[in-house]
1. Looking at the stretch 212-243 only, could you name the residues that are closer than 22 Å to V51 by Cβ and surrounded by 14 or more Cβ atoms within 10 Å (Cβ to Cβ)?
2. What pairs come out if I take residues in the stretch 254-280 that are exposed (fewer than 10 other Cβ atoms within 10 Å of the Cβ) and pair them with residues that are at pLDDT 75 or above whose C-beta lies under 7 Å away, six or more apart or interchain?
3. Please tell me if T193 is among the hydroxyl-bearing types (S, T, Y) and surrounded by fewer than 12 Cβ atoms within 10 Å (Cβ to Cβ).
4. Looking only at the stretch 134-165, count how many residues are more than 25 Å from Q233 (Cβ to Cβ) and among the small types (G, A, S).
5. Between S264, S201, S190, S269, which is closer than 30 Å to L134 by Cα and of a type in the set (S, T, N, Q)?
6. Restricting the first residue to the stretch 132-160 and requiring it to be closer than 19 Å to L183 by Cα, which pairs with a second residue that is loosely packed, with under 13 Cβ neighbours inside 10 Å meet a Cβ separation below 6 Å and a spacing of at least six or different chains?
7. With respect to the numbered conditions (1) part of a strand (DSSP E or B); (2) small (G, A, S); (3) at positive phi, which one is the sole condition not fulfilled by G21?
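The values are calculated or read from the model by the stated rules, or taken from the named source; none is laboratory data. Computed from a predicted structure; not experimentally measured. Cβ placement follows ideal geometry from the backbone for every residue including glycine, while neighbour counts extend to all protein chains displayed.
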Amino acid sequence: MEDLNVFTVTPMSQMIELKPGETYKGSITVVNPDGAKGDFSYKTEISAYGVVGEGYDADLATSTEHTQITKWITIENPTGKVKPNDSVKINFTIKVPETAPAGGQYAAILVSSAENSASGEGLAVKNVFEMASLIYAGIAGETERKGEIIKNTVPGFVTSMPIEIGAELKNEGNVHEIAKVALEVKSVFSPATIYPTEGESGIIEEVIMPDTTRSMGRNIEGISPLGIYDVTQTITYMGEVSTNHRIVIACPIWFLVIFILTVSAIIFSIVKSVKKYRHKKEVF
């Protein structure tokens, strides 16, 4: 019998500022949840981290000038076991060489498991998952910071849900940048805010990698497919602020078809009545 031993890794990413010649010590945590079938045997490895395309597909295989950090990282406890409802810290050290180039350096600490046996149950546990904790490191020195907001897109008319909001950002520098994207949605017929809901900020932060252009999408869900909405998206990036405020009309195709047919029938009826009236008038 096979089963899956699900685990989690925190944090999912770390932002680190480093200096040439510095030694940095950090850690990630592996959690084996309550209800797990048995001890979780983990193994770790370091890989390069980059992105491919504007959709930012993860690239863990390609080495570049921005992934030299993979040679600077060592894991203190690269293998071990975690009992159910328990966790373990995996410690790592980054030794930055004196000759380290200024700018961004990126790596992923990958955590996975080998086949093992669940204690006491005799169940074969095979973990098919691999999780990563990403390291975004900025090396001090002469960094180049250059980028722009290319697009801030809010549609004016949609025929299907969800409403898709878009953004496109460029980073021409040699270190990662953070973009803040704020979204607010209201109904034109009500003063209440639909999004963000109470307790939420409505702001997400996204990393823009060096020498890349990133296209991002965000969906407005859980609203009526027929309505008129007041939508505002504000992007703050590298000192630039772009605000797009639009009235969005949401109208399903079926409603549009019924509306057109109804209006056409009314117009046809009016025209027919006018012709009939003129004919009677000519007769008399």
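1. Hits for the stretch 212-243 are T212, T213, R214, S215, M216, R218, I235, T236, Y237, M238.
2. Pairs that qualify, where the first residue is exposed (fewer than 10 other Cβ atoms within 10 Å of the Cβ) and the partner is at pLDDT 75 or above: there are none.
3. Values: among the hydroxyl-bearing types (S, T, Y): yes; surrounded by fewer than 12 Cβ atoms within 10 Å (Cβ to Cβ): no.
So T193 does not fit the description; no.
4. Of all residues in the stretch 134-165, those more than 25 Å from Q233 (Cβ to Cβ) come to 134-135, 137-144.
Next, only the ones that are among the small types (G, A, S) stay: 137-138, 140-141.
Count: 4.
5. Numbers: S264 fails: closer than 30 Å to L134 by Cα; S190 fails: closer than 30 Å to L134 by Cα; S269 fails: closer than 30 Å to L134 by Cα.
One residue alone meets the criteria, S201.
6. Between residues of the stretch 132-160 that are closer than 19 Å to L183 by Cα and residues that are loosely packed, with under 13 Cβ neighbours inside 10 Å, the close pairs are I149/E240.
7. (1) is the only condition that G21 fails.
This table checks each residue for (1) in the same structural domain as P155 (by TED's automatic domain parsing); (2) among the aliphatic types (A, V, I, L, M); (3) under 19 Å from the mean Cα position of the chain (by Cα); (4) under 14 Å from I165 (Cα atoms).
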{"site": "T193", "(1), (2), (3), (4)": "yes, no, no, no"}
{"site": "E198", "(1), (2), (3), (4)": "yes, no, no, no"}
{"site": "I208", "(1), (2), (3), (4)": "yes, yes, yes, no"}
{"site": "V231", "(1), (2), (3), (4)": "yes, yes, no, yes"}
